Amino acid sequence: MKTLIATTLLAAAALFTVPAAFAAGYDGDLEEANIDVSNEASLQRGANLFMNYCMGCHSTKYMRYNGVARDIGLTEQHMEENFIFMTDEEGEPVGVGSLMENAMTDDYGEEAFGVVPPDLTMTTRINGEDWVYTFLKSFYIDESRPMGANNEVFENVGMPHVLWELQGWQEKVDEDGEERLELVRSGQMTQSEYDRAVRDIVTYLSYMGEPMQLDRQRIGLYVLIFLGIFTILAYFLKKEYWKDVH
């Protein structure tokens, strides 16, 4: 029994440390995203930013527009009018029940960026929320790169800094032998506003990676309550059976 418990605990520990392992390629400290997936307003802001700045290259093809609308508190009409940019073969907007794909072909993506832009449905499950949050804040000017930008977290990434007009531009500076990023050209947002915008995007991506997480947490609480009550009943039942044995 002790071996079984130890094995279970080790397996659980491995499960929860998977994101950190994927982020191990970055030697620096990750900033804490501190997201709240129950925050509907944050989810809606994150969806708006993602659709306008990320969806042109990245798909989330394991989700449907109407399912997302329902989960984050939007109407299907609002989703159709504001978030659907894909068209069908006849040039009409795709239906609200469609998968959330984009029009970029793999061949074009590889030609333009050197690599096919990945689907982002599971990105926070693979890399971790803190990694994605830090990544989106860590672009800096690098004229040697094809897109004119590099990233401190993901060196030589093929992705341009798509949020540059919001954040502005950063440069890598050396201060007393330590490199850091410094904002040299302001964007439309202040630093705190941009931090919130990135946090909203990560919140939305976290929801995409596990749409049922709030239901899972609620159901898990009920299960724990049931197990607690059952344990008490089982204890008294055991005492009742064993009193005659002794």
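The values are calculated or read from the model by the stated rules, or taken from the named source; none is laboratory data. Just so we're clear, the structure is a prediction, and the values are computed from it rather than from any experiment. All Cβ positions, glycine included, derive from the backbone under ideal geometry; neighbour counts span all protein chains shown. Calculation scope for accessible area: heavy atoms of the full protein, side chains included, ligands and nucleic acids excluded. Shrake-Rupley method; radii C 1.70, N 1.55, O 1.52, S 1.80 Å.
The residue list 228, 191, 213 was ranked by how far each Cα lies along the charge dipole of the chain toward its positive end, using unit charges on Cβ atoms, and 228 comes out on top. Remark on residue 63: its backbone amide H falls under 5 Å from those of 100, a criterion applied only to residues 5 or more positions apart or on other chains, H modelled at 1.01 Å from N.
Charged side chains reduced to their Cβ positions (Lys and Arg at +1, Asp and Glu at -1) give the range 116-236 a dipole of some 800 debye around its Cα centre. The distance linking the range 47-80 with the range 135-174 is 26 Å (Cα centroid to Cα centroid, whole angstrom). Probing with 1.4 Å while keeping every protein chain in the model, the per residue accessible area of the range 160-246 equals 71 Å².
Working from label points 7 Å from Cα in the Cα-to-Cβ sense, the residue 188 to residue 171 distance is 2.5 nm. Among 183, 221, 43, the largest mean-square fluctuation in a Gaussian network model of the chain (Cα springs under 10 Å) belongs to 221. Sequence-ordered 3J(HN,Hα) estimates for the range 183-198 from the Karplus curve with 6.51, -1.76 and 1.60 and θ = phi - 60° stand at 6, 10, 9, 6, x, 6, 10, 6, 4, 5, 5, 5, 4, 5, 4, 5 Hz, glycine and proline given as x. Candidates (1) 77, 41, 20; (2) 83, 58, 35; (3) 52, 46, 33; which is the computed Cα extents along the principal axes in Å? For Cα extents along the principal axes in Å, the calculated option is (2). Would you please classify the overall shape of the range 87-132 from the alpha carbon gyration tensor, given that a ≥ b ≥ c denote the square roots of the eigenvalues, rounded means a/c under 1.5, and beyond that prolate means a/b larger than b/c while oblate covers the rest? Oblate is the answer for the range 87-132, as a/c is 1.5 or above yet b/c matches or exceeds a/b. Its Cα centre serving as origin, the chain has a Cβ charge dipole (Lys and Arg +1, Asp and Glu -1) of approximately 1740 debye. Just from its helices, what would the mean residue ellipticity at 222 nm be for the chain, if runs of 4 or more DSSP H residues each count -39500 (n - 2.57) and the sum is divided by every residue, rounded to the nearest 500 deg cm²/dmol? Dividing the helical sum by the residues of the chain leaves -15000 deg cm²/dmol.
Extension gain, residue 36 to residue 80: 0.36 nm times the residue separation minus the Cα-Cα distance gives 13.3 nm. Solvent-accessible area of the chain (1.4 angstrom probe, protein heavy atoms only): carbon and sulfur portion equals 55 percent. Between 153, 68, 173, the Gaussian network model of the chain with springs among Cα atoms under 10 angstrom shows the greatest mean-square fluctuation at 173.
Among 36, 200, 106, the largest mean-square fluctuation in a Gaussian network model of the chain (Cα springs under 10 Å) belongs to 106. Restriction of the GluC sites (Glu not before Pro) in the range 139-178 to DSSP coil positions whose beta-carbon has at most 13 other beta-carbons within 10 angstrom yields 143, 155. For the pair residue 229 and residue 126 in one chain, pulling the backbone fully straight at 0.36 nm per residue adds 33.5 nm over the alpha carbon distance.
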